[in-house]
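Remarks on the structure that follows.
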Amino acid sequence: MTIGGFQSGFSARKVPRAEVKWEQFLICSHGCEEVIQLISHVSGEVEFELCKIEAERMGNVLLAAVKTESC
Ligand SMILES: [Zn+2]
């Protein structure tokens with residue numbers, strides 16, 4: 001299932017851990033069973049993936065960065 005997307009060229013989807021593309025690069029010490037993948041609109045390939053907890057953290061970090069007052 002693909003969830004939305006954004007204009008910078010990626011869409012996101014959630015897959016079971018068994019379907020991870022690069023298991024050896026997945027940083028997850030939580031034992032997450034679900035992984036978020038970012039798929040490039042250009043190549044159609046999985047360009048980035050991270051576990052559910054890390055994805056949530058990344059989302060929060062991005063939101064915090066967006067809301068930061070620039071100097
Ligand atoms: Zn995890």
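Throughout, read-outs are computed from the coordinates displayed, never taken from laboratory work. What you see is a predicted model; the values in this text were computed from it and never measured. In this analysis, Cβ positions are derived from the backbone assuming ideal geometry, glycine residues included, and neighbour counts consider all displayed protein chains.
How charged is the neighbourhood of residue 52? Take every other residue with its Cβ under 14 Å from the Cβ of residue 52, and add Lys/Arg as +1 and Asp/Glu as -1. Intermediate results must be reported in sequence, preceding the final value.
Details: positive: 13, 14, 17, 57; negative: 19, 33, 34, 49, 54, 56.
Net of charged neighbours comes to -2.
Quick one: length gained pulling residue 11 to residue 68 fully straight, 0.36 nm per residue minus the C-alpha distance? Numbers along the way, then the final one.
Values: separation 57, 0.36 × 57 = 20.52 nm, distance 2.49 nm.
Result: 18.0 nm gained on full extension.
If amide H atoms are built 1.01 Å from N in the plane of the peptide, which residues on other chains or at least 5 residues away come under 5 Å of the amide H of residue 10?
Amide H neighbours of residue 10, under 5 Å, 5+ apart: 41.
Assuming R0 = 25 Å, what is the FRET efficiency of residue 40 and residue 61, from their Cβ-Cβ distance, to the nearest 0.05? Could you put the intermediate results ahead of the total?
On the way: r = 21 Å, r/R0 = 0.86.
It comes to 0.70.
Using each residue's phi in the stretch 32-46, evaluate 6.51 cos²θ - 1.76 cosθ + 1.60 at θ = phi - 60° and report the 3J(HN,Hα) Karplus result to the nearest Hz, with x for Gly and Pro.
Values, residue by residue: 4, 9, 10, 10, 9, 10, 9, 10, 5, 5, 6, 8, x, 9, 6 Hz.
Please give the helix 52-67 orientation as an angle from the longest Cα principal axis of the chain, in degrees from 0 to 90, rounded to the nearest 10.
Tilt relative to the chain: about 10 degrees.
Got a sec? How would 26, 50 order by Cβ neighbour count within 10 Å, fewest to most?
Numbers: 26 15, 50 19.
Ranking 26, 50 by Cβ neighbours within 10 Å, fewest first, gives 26, 50.
Give the range of the longest stretch in the chain that excludes all GluC sites (Glu not before Pro) found in loop regions by DSSP and having at most 16 other beta-carbon atoms within 10 Å. Don't jump to the answer; show the numbers that get you there.
Values: sites that count: 33, 45, 69.
No qualifying site falls inside 1-32, the longest such stretch.
If you add up the charges near residue 34, with Lys and Arg at +1 and Asp and Glu at -1, over every other residue whose beta carbon is less than 9 angstrom from its beta carbon, what do you get? The partial results should precede the final answer.
On the way: positive: 14, 17, 52; negative: 33.
Local net charge: +2.
Picking from 18, 28, 68, whose Cα lies most toward the positive end of the charge dipole for the chain (charges on Cβ: Lys, Arg +1; Asp, Glu -1)?
Ranked along the dipole, the leading option is 68.
Give the dimensionless ratio obtained when the Cα radius of gyration of the stretch 2-67 is divided by 2.2 N^0.38 Å. It would help to have the intermediate numbers written out before the result.
Working: Rg = 12.0 Å, N = 66, 2.2 N^0.38 = 10.8 Å.
Compactness ratio reported: 1.11.
Going by how many other beta carbons lie within 10 Å of each one, how would you line up 11, 70, fewest first?
Numbers: 11 14, 70 3.
Starting with the residue having the fewest Cβ neighbours, the order is 70, 11.
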